[in-house]
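S.K.: Before anything else, here's the structure in question.
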Amino acid sequence: MDIAVIGTGHVGLVTGACFADLGNKVICVDKNEETINNLNKGIVPFYEPGLKEIITKNTKNNRLAFTTDIKEAVLNSLIIFITVGTPTKYNGESNLVYVEKVTAQIAEIINSYRLIVEKSTVPVETGIWVKHTIKLKASKNVVFDVASNPEFLSEGNAINDFMKPDRIVIGVENEKSEKLLKELYTPLNAPIIVTDTNSAELIKHASNSFLATKISFINSVAEICEKTNADIEKVSKGMGLDSRIGKKFLKAGIGYGGSCFPKDVKAFIHIAKKKGFNFDILEAVSEVNKKCQENFLKKIKDNLWIIEDKNIAVWGLSFKPGTDDIREAPSISIIKKLLDEKAHIKAYDPQVSEKQFKNSIDGKIEFFDNIYDTINNSDCLLILTEWNDFKEVDLKKVKSLLNQPLIIDGRNIYDIEKMQNLGFTYISVGRPTVNKKVDYNNNQIFSTNNKENI
Ligand code: UGA
């Protein structure tokens, strides 16, 4: 099939490249000339495992092209996917200005039947507005359909999520659109859920918000674990083995980040309110998420006392492993607060570049391209992303390089017993602290072996 994908962000590029790989002819459009020039040279603007290879393969066999010319793309395609950004406004609402602009452009170009599909994450009833806009701007006799086909691509695993989806959701208004989209997705051999456009849009917001709720729930349980010396990893396991609950998204940490959950939870709260419903659960989910980072900062202060002039090593800046994306990453809010208190930050991430991080944050951050150099002469080590590289380090070497053996781990990557035996003061999330030196809350100072109080 001939397909246009408008918007070459993460969703647009993965979608375009994967549709091409399934044998379709795809034109990806973006108004950013630099992005398109780079894509034409094989330069992918972000890190997503496997994407570059698929793009190279399909541009070579002429199934995938990139252009800034939306007219060319729309005229040569039967199905047009809208995958432009829907950022958050100051009040949590989705900013749909790009969706409207692109819709209006498409309307002015089409001269015969087209199926226009929204794939960007949008609030319920956006499809109605897309249809209205096209009707308003297109020439009178043009026939078209609008459908919703939300994406469920998680960064770092996006190709696999596209090629082997749990389900495909298509929100359509008639059989013609249903048939076209079903045909397009036939090669994936996945369950297809057919709904109206409003329900499809809601499935997307509800799914992301539900996953965010699971995370905030488990992070709240982690807090209780910390107050009762219980172990969140065991609690998660015990809960997750119940098939009604499920194991996934029960990993406690320093809160969810990324370009989706924080934005989508806020947007869902906003559209619900607009429709006359207060989504109290989601308000709490968002609040708990903020608190995770506050709690983590408290752990740093409780163990370092004074932050000013301390060398603080940070491993991991991306919002999760497998990506170089730092949008809404917990690392940003945590490092900002530490810089406000005049800490010296020494940072390392396997994918995030110095330039990229410094665009989001101002201050004294020293970047390293080696795990061990980062911690040399540091007063503590913070782990903010659970990259595999960090799980495999030589911990004895880590201990010898740090000024004191203090690790504050926001992702629970090490075994607590092992850390205890190695002599680290190891503070993680929802698990007992080992070799605690100072207990502010109980006004106690401990000896180094953690057994007798002094
Ligand atoms: C998320 C969804 O998982 C995708 O299905 C969806 O398509 C995508 O948003 C989107 O709307 O485009 P993504 O943001 O890439 O994907 O990342 P996730 O893997 O869902 O993780 C989100 C955040 O939750 C990360 O910061 C991660 O560290 C955190 N998380 C995840 C936890 O803290 N605990 C967990 O158990 C799982």
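S.K.: Once every DSSP H run of n ≥ 4 in the chain is given -39500 (n - 2.57) and the sum is divided by its residues, what mean residue ellipticity at 222 nm do you get, rounded to the nearest 500 deg cm²/dmol? Write down the numbers at each step before the final one.
M.R.: Working: 18 runs with 199 residues, N = 454.
It lands at -13500 deg cm²/dmol.
S.K.: Taking 19 Å as the cut-off for C-alpha to C-alpha distance, list the pairs among K41/K119; K248/K273; K291/K418; K214/K266; K57/K179; K310/K342 that go past it.
M.R.: On the way: K41/K119 26 Å; K248/K273 29 Å; K291/K418 29 Å; K214/K266 16 Å; K57/K179 29 Å; K310/K342 8 Å.
Violating the 19 Å limit, Cα to Cα: K41/K119; K248/K273; K291/K418; K57/K179.
S.K.: Students often check this: by mean Cβ neighbours within 10 Å, which of 376-388, 55-67 ranks highest, and how do the rest follow?
M.R.: Details: 376-388: 21.2, 55-67: 17.5.
Averaged packing, sorted descending, gives the order 376-388, 55-67.
S.K.: While we're on this one: Need the full-extension length gain, N376 to I192, defined as separation in residues times 0.36 nm minus the C-alpha distance. One decimal, nm.
M.R.: Details: separation 184, 0.36 × 184 = 66.24 nm, distance 5.29 nm.
Stretched fully, the N376-I192 segment lengthens by 60.9 nm.
S.K.: Against the longest principal axis of the chain, how steep is helix 51-60, in degrees 0 to 90 to the nearest 10, with axes from Cα atoms?
M.R.: 30 degrees
S.K.: At a 1.4 Å probe radius, carbon and sulfur cover how many percent of the accessible area of segment 70-139?
M.R.: Details: 1610 of 3040 Å².
The C+S portion of the solvent-accessible surface of segment 70-139 is 53 percent.
S.K.: What does the accessible area per residue of the chain come to in Å², with a 1.4 Å probe and no ligands, DNA or RNA counted? Intermediate values should be presented prior to the final figure.
M.R.: Working: 21490 Å² over 454 residues.
I get 47 Å² per residue for the chain.
S.K.: Let me ask something else. What pairs in K31/K182; K355/K391; K176/K204; K364/K399; K131/K176; K31/K71 have C-alpha atoms more than 18 Å from each other?
M.R.: On the way: K31/K182 30 Å; K355/K391 26 Å; K176/K204 23 Å; K364/K399 24 Å; K131/K176 16 Å; K31/K71 12 Å.
Beyond 18 Å: K31/K182; K355/K391; K176/K204; K364/K399.
S.K.: If one takes the longest principal axis of the Cα atoms in the chain, at what angle in degrees, from 0 to 90 and to the nearest 10, does the Cα axis of helix 280-304 lie?
M.R.: Result, in degrees: 30.
S.K.: In nm, to one decimal, how far is the modelled label at K176 from the one at M1, with both set 7 Å along Cα→Cβ?
M.R.: 1.4 nm
S.K.: How high is the FRET efficiency from N403 to E354, r the C-beta distance, R0 25 Å, rounded to 0.05?
M.R.: Values: r = 24 Å, r/R0 = 0.94.
About 0.60, to the nearest 0.05.
S.K.: Could I ask something else about it? For helix 330-340, what angle does its Cα long axis make with the longest principal axis of the chain, in degrees from 0 to 90 and rounded to 10?
M.R.: Between the helix axis and the principal axis of the chain, the angle is about 50 degrees.
S.K.: Take every DSSP beta bridge with both residues inside the chain and express the antiparallel ones as a percent of the total, to the nearest 5. Before the final figure, lay out each step's value.
M.R.: Working: 6 of 50 bridges.
Within the chain, antiparallel bridges account for around 10 percent of the total.
S.K.: Counting only protein heavy atoms and using a 1.4 Å probe, what share of the accessible area of segment 209-437 belongs to carbon plus sulfur, as a whole percent?
M.R.: Here it works out to 51 percent.
S.K.: Restricting the calculation to Cα positions, tell me the Rg (one decimal) and the Dmax (whole number) of segment 209-437 in Å.
M.R.: For segment 209-437, the Cα radius of gyration and maximum Cα-Cα distance read 17.7, 59 Å.
S.K.: Given 0.36 nm per residue, what is the gain on full extension from N421 to N278 after removing their alpha carbon distance, in nm? Could the numbers behind the result be given before it?
M.R.: Working: separation 143, 0.36 × 143 = 51.48 nm, distance 4.96 nm.
Result for the pair: 46.5 nm of gain on full extension.
S.K.: What's the extension gain from I224 to F46 if we count 0.36 nm per residue and subtract their Cα-Cα distance?
M.R.: Values: separation 178, 0.36 × 178 = 64.08 nm, distance 3.81 nm.
Residue separation times 0.36 nm, minus the Cα-Cα distance, leaves 60.3 nm.
S.K.: Compute the Cα gyration tensor for segment 2-195, then decide on rounded, prolate or oblate, letting a ≥ b ≥ c be the square roots of its eigenvalues: rounded whenever a/c is under 1.5, prolate when a/b is larger than b/c in the other cases, and oblate in all that remain. Write out the running numbers ahead of the final one.
M.R.: Working: a/c = 1.32, a/b = 1.23, b/c = 1.07.
Cα axes put segment 2-195 in the rounded bin.
The values are calculated or read from the model by the stated rules, or taken from the named source; none is laboratory data. Only a predicted model underlies this, so the values are computations on that prediction, with no experimental measurement involved. Neighbour counts run over all protein chains shown; Cβ positions are idealised from the backbone, glycine included. What goes into the accessible areas is simple: the full protein's heavy atoms, side chains included, and nothing from ligands, DNA or RNA. Shrake-Rupley method; radii C 1.70, N 1.55, O 1.52, S 1.80 Å.
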